[in-house]
Amino acid sequence: MNKFVQAVTQRIIERSKVSRQAYLARIETLSAHKTARAQLPCSNLAHGFAGCCGQDKSDLKNLLKSNIAIISSYNDMLSAHKPYEHYPAQIRQALHDVGAVGQMAGGVPAMCDGVTQGEPGMELSLMSRDVIAMSVAISLSHNMFDGAMYLGVCDKILPGLFVGALAFGHLPAIFVPSGPMPTGLPNKEKVRIRQLYSEGKATRADLLESEAESYHSTGTCAFYGTANSNQMVIETMGLHLPGAAFVPPETQLRQELTNAAARQITRLTEQSGNYLPVGRLVDEKVIVNGLVALLATGGSTNLTMHLVSMAKAAGIIINWDDISQLSDVVPLLCRIYPNGPMDINYFQAAGGTSVLIRELLKGGLLHDDVNTVVGHGLSRYTQEPILENGELIFREGPLESLDKTVIASIDKPFNSHGGLKVMTGNLGRAIMKTSAVEAEHQIIEAPAVIFESQYDLEAKFKAGQLDKDCVVVVRYQGPQAIGMPELHKLITPLGILQDRGFNVALLTDGRLSGASGKVPAAIHVTPEAYVGGLLSKVEEGDLIRINGKTGEITLLVDQSELDHRICKPINCDSSYIGFGRELFNTLRCRLSSAEEGADSFNVLDKDIH
């Protein structure tokens, strides 16, 4: 093992000792009940299988047979979740074939930031993660199950499922992806049309045609945003079958992988004699493996919050210092759009996760001595699935990348450090996705132009008032202010300003996610302006320095001047009502900071610690 990765891991183990022991003791108490439904009174159990067919009723009375919960994010509006429509029936049949039972235990909400971007609904997006986790808890609360399969991929859905699964950490778990949509319009062409439209040089019809050619089928978006970052991380944590992440939907290989996942979960239950609950599988080394995968691929900035919350669900305490120190030694091995020209389908063709994991293991950057859903040892994930005479088999994946412009070797990485940078300075702490920003654009010192809503920027941009070197400050966008929406509307105008030759950057306590592009963006600023962070004292024209190479965010104003300034809170009431936002007011005010995971479960820390 790389000694620095080992040191970070050991520090996490020491920091988490009390909370991890408390968590393991809790799931040990739950797992001591063995087959959960055996503890239910007869009336309760009868209710639990009343809707089943006769054979399933008989099997559920037989405590030697496993009952597997199916938790799905299916809806037929969103492309990534549409493939899950027929998974429950398929999984139930696969379980029957091996003498087990499957029950569709519950559904979780799944919203798409691509639909809500720039709209009021986006202010519910981050909070939906906690709702999903709670929905999992409700689904599993019937205490009928011996294991669970989790069907979900995108943005907040996968992290929410993960947190919910760890709340029921005494149950074995497998996560079942749906795969990316086929490659559509080339990414450069999509960006070109967006910029032309912003400049008034393309019609709305031109823009809609371009977007429809880009997002055109079932499956996750093919660029390397939060959805595909989730899949990369979960696979490297050993919670998928090897090579399952990026197999397209509605293919025979995808179908066989789903069947194999159903069979595999039965091999992890108490009845199998090989009991491996997810709460034991996910340990400190597994969490570090997820962090390393995120950094090595230049993944979504959203995961810097999600992984903190996900780890905490297993009693493991990580922070941005861990991410920063890992980033110093984990090289950037992938160039996937928006960090490069090619999408996730090309990454898969170039060798995919099997090559990436092989290279990281070779460099001593991943812990091999971990449990996975297919057995001990992450080296199992250098295999890839294929069909041989219609049968699913796993064979050793490529020994090296098939395209080193997309997946580099550990000996010749794209960069010596990871694709995400933790930023620090008198403004607080932030995150920058440096993998998407050219080196010459990573350092900027310019006057602040202040906005307190993303919607106000467009008018100034169209009026030419931003045609200058500037740091665009968009504040009061944090978790407690308005739920920390993603600020996608800012990407295109800021990119145009950079193309015009201006030195521009974004500084915000909001999010920009896996869609972070070529403009330097220090995001997730903590403490947020709404709770009195220094961001609230910035005035128009103040000089700000953002240095993505050293990780600096500094307001260049004398401390004596800052001491005399007062925080300038604004009224966010307009974001607290309409589009259902009024239902989330209590939840929003409980959200922790971005660095603490931006979740509403932070009060539970007192119980864990």
Legend entry - Residue ID - farthest from LYS312 (Cα to Cα), chosen from residues in region 7-37 that are loosely packed, with under 13 Cβ neighbours inside 10 Å and polar (S, T, N, Q): THR29
Inset, instruction - Can you run down the residue pairs with Cβ atoms below 8 Å, 6 or more apart or on separate chains, where the first is in region 66-79 and in contact (Cβ under 8 Å) with a residue 24 or more places away in the chain and the partner is of a type in the set (S, T, N, Q) and in a strand (DSSP E or B)? - result: ASN67/GLN103; ILE68/GLN103; ALA69/GLN103; ILE70/GLN103; SER79/THR220
Legend entry - Hey, LEU378 of a type in the set (A, V, I, L, M, F, W, C), crowded, with 19+ Cβ neighbours inside 10 Å and touching a residue at least 12 places away in the same chain (Cβ under 8 Å) or not: yes
Inset, instruction - Enumerate the helices (runs of 4 or more DSSP H) found wholly within region 161-255, keeping only those where 3 or more residues are touching a Leu at 6+ places or on another chain (Cβ under 8 Å) and at pLDDT 95 or above. - result: 226-236
Legend entry - Residue under evaluation LEU291, criteria (1) of a type outside the set (Val, Ile, Thr); (2) in contact (Cβ under 8 Å) with a residue 60 or more places away in the chain; (3) outside any loop (DSSP other than H, G, I, E, B), criterion not met: (2)
Inset, instruction - State yes or no: is ILE318 modelled with pLDDT of 95 or more, out of contact with any strand residue (DSSP E or B) (no Cβ under 6 Å at 6 or more places or on another chain) and in a loop (DSSP other than H, G, I, E, B)? - result: yes
Inset, instruction - Would you please name the residue that is surrounded by the fewest Cβ atoms within 10 Å (Cβ to Cβ), looking only at residues in region 137-157 that are over 15 Å from GLY106 (Cα atoms) and among the hydrophobic types (A, V, I, L, M, F, W, C)? - result: CYS154
Inset, instruction - Check region 489-512 and report whether any residue there is of a type in the set (Val, Ile, Thr) and out of contact with any helix residue (DSSP H, G or I) (no Cβ under 7 Å at 6 or more places or on another chain). - result: yes
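Based on this model, can you work out whether MET134 counts as surrounded by fewer than 24 Cβ atoms within 10 Å (Cβ to Cβ), hydrophobic (A, V, I, L, M, F, W, C) and in contact with a Lys or Arg (Cβ under 6 Å, 6 or more places away or on another chain)? First the steps, then the outcome.
Values: surrounded by fewer than 24 Cβ atoms within 10 Å (Cβ to Cβ): yes; hydrophobic (A, V, I, L, M, F, W, C): yes; in contact with a Lys or Arg (Cβ under 6 Å, 6 or more places away or on another chain): no.
Criteria not met by MET134.
Suppose the filter is surrounded by 22 or more Cβ atoms within 10 Å (Cβ to Cβ), out of contact with any Ser or Thr (no Cβ under 6 Å at 6 or more places or on another chain), closer than 20 Å to PRO172 by Cα and in the same structural domain as SER178 (by TED's automatic domain parsing); does SER72 pass it?
Answer is yes for this residue.
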Legend entry - Condition check for GLN10: within 30 Å of SER327 (Cα to Cα), assigned to a helix (DSSP H, G or I), assigned by TED's automatic domain parsing to the domain that holds VAL308 and not aliphatic (A, V, I, L, M): yes
Inset, instruction - Assess whether TYR224 counts as being crowded, with 17+ Cβ neighbours inside 10 Å and outside the structural domain of THR304 (by TED's automatic domain parsing). - result: no
Legend entry - strands (runs of 3 or more DSSP E) wholly inside region 407-469 that include at least 1 residues being without any contact (Cβ under 8 Å) to a residue 24 or more places away in the chain: none
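The values are calculated or read from the model by the stated rules, or taken from the named source; none is laboratory data. Predicted model only: the values in this text are computed from it and were never measured. Because the Cβ atoms are built from the backbone with ideal geometry, glycine has one as well, and the counts that use them run over all protein chains shown.
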